[in-house]
Amino acid sequence: RSKARDAFRCVIELDGDGPWGKEAAKLLESTKLLPFYVTGSVGFEYDDNVILRGGVTQSVVNADGEASALTFAGEKDGRAVWEIDAGVQLFSHEDWSGGLNAGYYGNAHFDLGDLNLQYPQIGAYLARRLGPQTSAQARYQFGHAWLDEDPFLQSHVGEVSLAHNWQK
């Protein structure tokens, strides 16, 4: 791919306005990869106070006759954790660009399988360059988590940002 792109650039330099140069410019554009990123991580965690679902709560009365809650809900456990995040810029035209991103977080407890969490997310963004060092972006992200196959959380994130890069 890189050798083909170099050859197309050479043809464009030699015959930029001619038929060969115009065709090479089209082919050069068709071999362009969309900008993308992928990041991921895998690891292990240890937790010495995992709170169990359905932990027992009791009311205890002290010597002064005041009630206080006493909760028995701690356990030690380890878990495997993983996360992946990816995105792709789908278009870039003049000062506008846009794309999609997706992510996934999960964990698996070694002993307390009822606390296994899965959390996929998907989103989109639209960005505009306002100047050489200033850009604006609008983004939306949707996520849905479940805990041991039961729905747990749904998230909707909308964000508008303005970024300016100050240089010396």
| message | I'd like the Karplus ³J(HN,Hα) series for region 38-45: coefficients 6.51, -1.76, 1.60, θ = phi - 60°, whole numbers in Hz, and an x wherever there's a Gly or Pro. | response | 9, 10, x, 8, 9, x, 10, 10
| Summed side-chain charge close to T39 - residues other than T39 whose Cβ falls under 12 Å, Lys, Arg +1, Asp, Glu -1 | -2
| task | Calculate, for region 71-146, the solvent-accessible area per residue in square angstrom, rolling a 1.4 angstrom probe over the heavy atoms of the protein chains. | result | 56 Å²
| field | Long-range amide H partners of L112 with built H, under 5 Å | value | none
| remark: Under 5 Å from the placed amide H of F152, counting only residues 5+ away or on other chains, we find A145, W146, L147
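The values are calculated or read from the model by the stated rules, or taken from the named source; none is laboratory data. Note that the coordinates shown come from a computational prediction; the quantities given were computed from them, not determined experimentally. Please note: Cβ atoms are built from the backbone with ideal geometry, for glycine as well, and neighbour counts cover all protein chains shown. The area values use the complete protein model at the heavy-atom level, side chains included, leaving out ligands, DNA and RNA. Shrake-Rupley method; radii C 1.70, N 1.55, O 1.52, S 1.80 Å.
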